[in-house]
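Rule-based calculations on the coordinates, nothing more; no lab input. This structure is a prediction, so every number in the text was calculated from the model and none was measured. Note that we place each Cβ from the backbone using ideal geometry, even for glycine, and neighbour counts take in every protein chain shown.
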Amino acid sequence: MAAIDSIKRERNTKTYQAGEKIFAEGDTANSMYAVVEGQVDICKNEKVLETVSPEGIFGEMGLVNNKPRMASAVAKTACTIVEINQGDFYFLIRHAPFFVIQVMQVLSERVRRNTEA
């Protein structure tokens, strides 16, 4: 996601080791994340729902609806991620509208995958 480069800074780029928790189910959600390197597992009730790879995003639901996290995010491998807070998200809406379309596509795909029988 090239749009991420416009907001990527040292303060919002973080590294995690394999097995390290990024956020837990029930945590306050005020950011979403983009994977730069490595992989992140999204888990609920200790079950992996999805593995997010480089250029993938996660945590978008909490940022969009301001509700607590519905799942946990755990580094599957050593990884580097960019945290996208609400201010950065609004910046991307204004300056990189295609980014928002990508977020909506990811969100709708996740909803579809989890509601289809």
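Applying both filters, DSSP loop and at most 10 other Cβ atoms within 10 Å, to the GluC sites (Glu not before Pro) of segment 34-117 gives Glu46, Glu116. From helices alone, the chain scores -9000 deg cm²/dmol at 222 nm; the rule is -39500 (n - 2.57) for each run of n ≥ 4 DSSP H residues, then divide by the residue total.
Within the shell defined by Cβ-Cβ distances under 9 Å, the residues around Pro68 carry a net charge of 0, with Lys and Arg each +1 and Asp and Glu each -1. Segment Ile101..Thr15, full-extension length gain: 28.3 nm, with 0.36 nm per residue of separation and the alpha-carbon distance subtracted. Summing Lys, Arg as +1 and Asp, Glu as -1, what charge do residues with Cβ under 12 Å from the Cβ of Asp27 carry, Asp27 excluded? After counting each charged neighbour, the total is +2. Other residues within the sphere of radius under 12 Å centred on the Cβ of Val100, judged by their own Cβ, net out at 0 (K and R +1, D and E -1). From the coordinates of this entry, percent of Cα pairs over 26 Å apart is computed, and it appears in (i) 12; (ii) 40; (iii) 35 under the label (i). By definition, a body whose alpha carbon gyration tensor gives a ≥ b ≥ c is oblate when a/c is 1.5 or more and a/b is not larger than b/c, and segment 9-74 fits this oblate description.
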